[in-house]
Structure formats: C-alpha cells, structure tokens
1. Given R₀ = 51 Å, FRET efficiency for residue 370-residue 520 by Cβ-Cβ distance, to 0.05?
2. Region 30-112: Rg/Rh from Cα coordinates, Kirkwood Rh?
3. HN-Hα J couplings of region 191-201 from phi, Karplus 6.51/-1.76/1.60, θ = phi - 60°, integer Hz, Gly and Pro as x?
4. Counting only residues 5 or more places away or on other chains, whose amide H sits under 5 Å from the amide H of residue 331 once H atoms are built in the peptide plane?
5. I'd like the projected area of region 514-571, averaged over all directions, using the convex hull of its alpha carbons. Report it in nm² with one decimal.
6. Give the distance, in whole Å, between the Cα centre of region 1-21 and the Cα centre of region 211-235.
7. As a test question: what accessible area, to the nearest 10 Å², does residue 483 have when a 1.4 Å probe is rolled over all protein chains in place?
8. Want the number for residue 486 to residue 261: 0.36 nm per residue separation, take away the alpha-carbon distance, what's left?
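The values are calculated or read from the model by the stated rules, or taken from the named source; none is laboratory data. Remember, it's a predicted structure, so these values are computed and weren't measured experimentally. Cβ placement follows ideal geometry from the backbone for every residue including glycine, while neighbour counts extend to all protein chains displayed. To get the accessible areas, we keep the full protein, side chains included, count just its heavy atoms, and leave off ligands, DNA and RNA. Shrake-Rupley method; radii C 1.70, N 1.55, O 1.52, S 1.80 Å.
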Amino acid sequence: MAATKRAWKLQEFVAHGSNVNCLALGYKSGRVMVTGGEDKKVNMWAVGKPNCIMSLSGHTSPVECVRFGNAEELVVAGSQSGSLKIWDLEAAKIVRTLTGHKSNIRSLDFHPYGEFVASGSMDTNIKLWDVRRKGCIFTYKGHTDAVNCIRFSPDGRWIASAGEDSSLKMWDLTAGKMIQEFKDHTGPVTGVEFHPNEFLLASGSADRTVKFWDLETFQLVSSTGAESGAIRCIFFHPDGKCLFGGSQDALRVFAWEPGRCLDAFSMGWGKVADISVASSQLIGASFSQTNVSVYIVDLNRAQMSGPGMVSQPVPAEPVKPPMSASGRRTFITERPPTSSTKKASEMKTEPEEEPTASNEPEDDSSNVAQIENPDDYREVFQGRTKIERTPPRKLEPFPAPPEDSPTEDQSKAKPYKQPAKEPKAKQEPVKPATIVPADRNKPADLNLAEFLPKRPDSAVSADPRRPPAVQEQSEEEVLSSVHKGHESMCAVLGNRHRNLEIVRALWTSGDIKTSVDSAVGMKDLSVMVDLLNVLILKHSLWTLDLCTVLLPQIQELLSSKYESYCHTACNALKIVLRSFSSIIKTNVQAPPAGGGVDISREERYKKCKVCHGHLMSIRGLVEKKQSMSGKLGSTFRELQIMLNGLDD
C-alpha cells in the first residue's frame, strides 16, 4: 500500500467577489464553513465542495467576523459598522439585527444554550445579547484595545476575552463583572479556549506562546516555549487530550502538564483563520484576497500524548464534586431545566439597555438568503428536526493523497459563481496548475537547465535522462551562472544586512535612541520597517523622544506603495496615539506659563508640539487613504477616528 501524506491541501476556491475578511468552521460536524467578505455578503459552504450553498445579504458594510451556533443551525455575522445579524440556516431567513457597538466586530460566540450571543469589538467593549428579546442585556468594559477573541465557558457561566492589549480577562455573567485578569502575555492575545471538560483555560498570543491557566486557583499551569511565529488560533481536541495551535504555515500539538510541543506539521495554509476536528482529521482554513483554502491533517498519524500525560476521558456521569482524571474540577454542562427567561434573570443586566430593539429595521427586501445550490442546501441545512444532521458515526474522513502525488483536482481555484448545470460527481480531469503557489516550501517542478547558459551541441551528453548543462558544469560554474543577473538584488540585500548589523550593534549596547537615529540616517525604508516591527512588540520602549524621530518615518511609510510597509506604519502610529495622544493634547492646549522656569516642562512642551505637528500632517494623509477598500482601508478609518481625538 502506497504511503499517504500526513497533511495535505484539500481545496482552494474563490469565495467572494472581493476580498475575504473572515471565516469560521462548524465545530459540531467540522464539515460546514461560513465566510464573510468585503462585498458585504455571508456565504455558506460544505467543506470539500467548491460551490456556494447559500449567500446571505443585508449588511451595509463589509463583514468582519462570523460564527456558527453550537448546533450549526444559526450563524451570526458582525460588520465593520458594529452591527450583528443572526440567520436561521434551516429556514433561510434573518432572525435578528442587533446594533450597539461603535466600531468593527472582531469576535463572536454563542452561549452553550443558544439564547445568547456575545460580541467583542474594536471599541474595546464586550456585549451580551439576548437573541429572543432583541437587545443587549449587559456591556462589559475593561479592555483598553480591541477584543480579539471571546468564548463562553462550557457551563455558560463565564466569558473569557482575549485583547489586543495583551490581557486575558474572565467575566462572571451572574455578577456582571470581571473576576480575574491574566497579564503574563507580552503581545496581543489572539485566541482563547476553554477545555471541554476541565477547569482549564488556554490562550495563544502574538508573543508566540501558548499558556494554560487553572480556573480554580487562577494560576498559570504552564507555558510553551516561543514558537517560530505568532499563534493565530487554538483548539482543544474534543476529548480534551491535547491542544492544537495554528500559526503561519505551521500546526503544533501541545500538552500542558508539563507545557510542551508534542508534534509539529509544516503546512502551506499561510495565515490560518480557524481549525476544527472531525473524523480523526483536523481541518484548517485560511483566506487570502478572494480565495479560501482548506487543509487536512491526519490525526491518526499525529503524536497527541507523551510520557507522563494523564488520560482525560469525558466522565459518563458527573461525580460530586465532579473531578477529571487529572484531579482538576470539571464543568457541569447539562442544560438546567429552566426557561430562557429564568436563565436571563440570573444574569446581570443594565436597565438602560434592557431590552432595546435593533436600530436597523429588519427589512426582508435587504436581508436576503439566496440559495445557490438547492441540493446541497437540503442535504446540509434541512431535515434537522427529523434526523440529526451528519451524525459523527457516518462522517467519512477525507481520503489522503499518496506521498508522491499532489492533490491536483482540489487545489485548483474555482470561480465563485458556478452554473447549476455543472456536474458535481463526475468531473473532467484538471490539468496541473501552471502557477507556482507562493506558499510552497520547495521548488515546484523547476528544470535547472532552463536557468543555465546553453552548451554547444558537441557538449550534449549521451545520457538523455540528465540535462546537458548540469552534467557538463561544475558546482562553481552552476552557482556562478545562477548568480548572474541577480547582482543588483544581492547588493541590495547585502547593504540591508550591513545596515541592520549596525543598528543591532547600537541597540545591544543599550543606546536605543542612537540606534533609531542611525536607522533614520540610513534613509532605507526596509531597515526602518524592520526596526519598527521590533518596537511594535515592545511598547515600553516608546518615549516622546522616539516619537519626534519616528513620526516623520511613519508618515513616509504610510505613503509607500508596499502594503506591508503601510501596515507596519499603521501599527506603530496606533501605539503612539494610544500612549501619547492625551499627553500631547494636554501640553499643546496648555503651554507652560511665563512666570517661572520649568526646564523639564518646557522640553516636554517642545516635544509635544513637534509630535502634534507631525500628527496633523499625518492626519491629512490618512484622511485621503481612508476610502481604500480592504483591511488597510479599515485601519485607516480607525486611525482617522483616533487622530480626530486630538482636537476634542
């Protein structure tokens, strides 16, 4: 029997008419997916099939976040304007439109019992919504930056929230307040997940670590070592025996007692957006521009336990007190025999927001569910009341391709609008893709001879199996030939490397200001981007002195044609505004009086005046760019709001 791959690409397809902003997998079946796009639509998909099942319209701004209900019968979508829409997939109609947030929706989750939805936003607030009563029943305030991820506990009594401010917070729904804050991460917290059974919480961060927390003592259980890239999403195995962590082009399997990496997979998924588990396979999905890619990992070939690990089965019946095999308490997840009204009455509410109806009219003409593929729609989303849809025992794993064979048919990108008459089961063999994917980790069928100078006919080898140019040339000649034509690029990269070494030497000597001045004097934007990316991760190093030097560089980067340069400049500008805008505004509006001499205050005023001038110049540039589409346009609009605060 031929060896098969441990991980492979299942499919790639065009999901929207413009850029995809978000996606989510269904955690119950692992076989459905929802995407949200810049085209203001929410599209439904069956994993492994290229055609859209249903397209949901009604949002008036780009969709920024999506999430399935626990039974996959509902889906909620949050938009750039801060509104939420909840759809009933079986009935193919809008259920609720909820408004209240003042900025982009960044995270969503359904309560385990389904009657409530929580949302986290770039306005730093978390809102709890009563779906049946159409209103926000409480707003949780405490984060100082965007809320990246929120999750209900399995028993529905707590909310965990992960913030861009590097903090992880626990909220008690009954008390309506924060009960614990974890501050051990040194970078934005990107994901948070409750263990399915135990009183254990996991968090992943841009600081490249995963941390595990005991929810009885609220103490750190363990932390993994820093990985090669930021942790983008995390997911507990349904049995609770390990944690999966997705990062740039990589998947890792983690244990927590002690904290360590059990296994690692090299993936080609780029910036993975969500992961799920079904039929002994892990399913990962990512998006880039208009395309969505789906990858599969065979968990039967993954190391998910190690020496000293305790098996953690799901207890058949909770004992009193409920304890796991590891000795840690377990969640009681049986739904209490109470109505939703009784359950809502146990939660802390705010009288001024309870229950407020949506400000957006639920207009059937604008909220449209367009069924693109009736057969798949009936199979996936209907008949749920008669028969349990896609029971796990009937789910067949996706077949693994041979180790030496690429997945040809399923890796081809396919257009979003497919004619209904196109056959589904029987398809013509697709020719191998002619475009070499950007996320490859090795050369894709490249013939070295095509890049080398041609030899005379007399030098052709008698062996037809080997390229003549390769056979006749020595290694030095081959390298010299490949090098030709790339001298200018090598010179640029060599010069950049030398500049970075100079900046690094000054930095390690402890003189950060001098190293920044040196980088500015080099007039090399690539070096400045590298330096800013380091400073972005170290907020404590920023001072007014650095701001006076870096703001002109940030303005220049904002005008760059390279999107990555603009993103770095935007992130640096956010740090400046969040850390120093109030100081700059206060000092500029109240200059030092002339009665006495206060040298430190005079110096601070001069620095604030310089920074204010640069920020006003940047504001004009940001105002011109805020009409851009995509994530960059959204970031510019956020910056415009922050910059306008300097005049309040």
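1. 0.45
2. 0.94
3. x, 9, 8, 7, 4, x, 10, 7, 7, 9, 10
4. Placed amide hydrogens put 198, 199 under 5 Å from residue 331.
5. Mean projected area of the Cα convex hull: 3.6 nm².
6. Region 1-21 and region 211-235 have Cα centres spaced 28 Å from each other.
7. Solvent-accessible area, nearest 10 Å²: 90 Å².
8. The residue 486-residue 261 span can extend by a further 77.0 nm.
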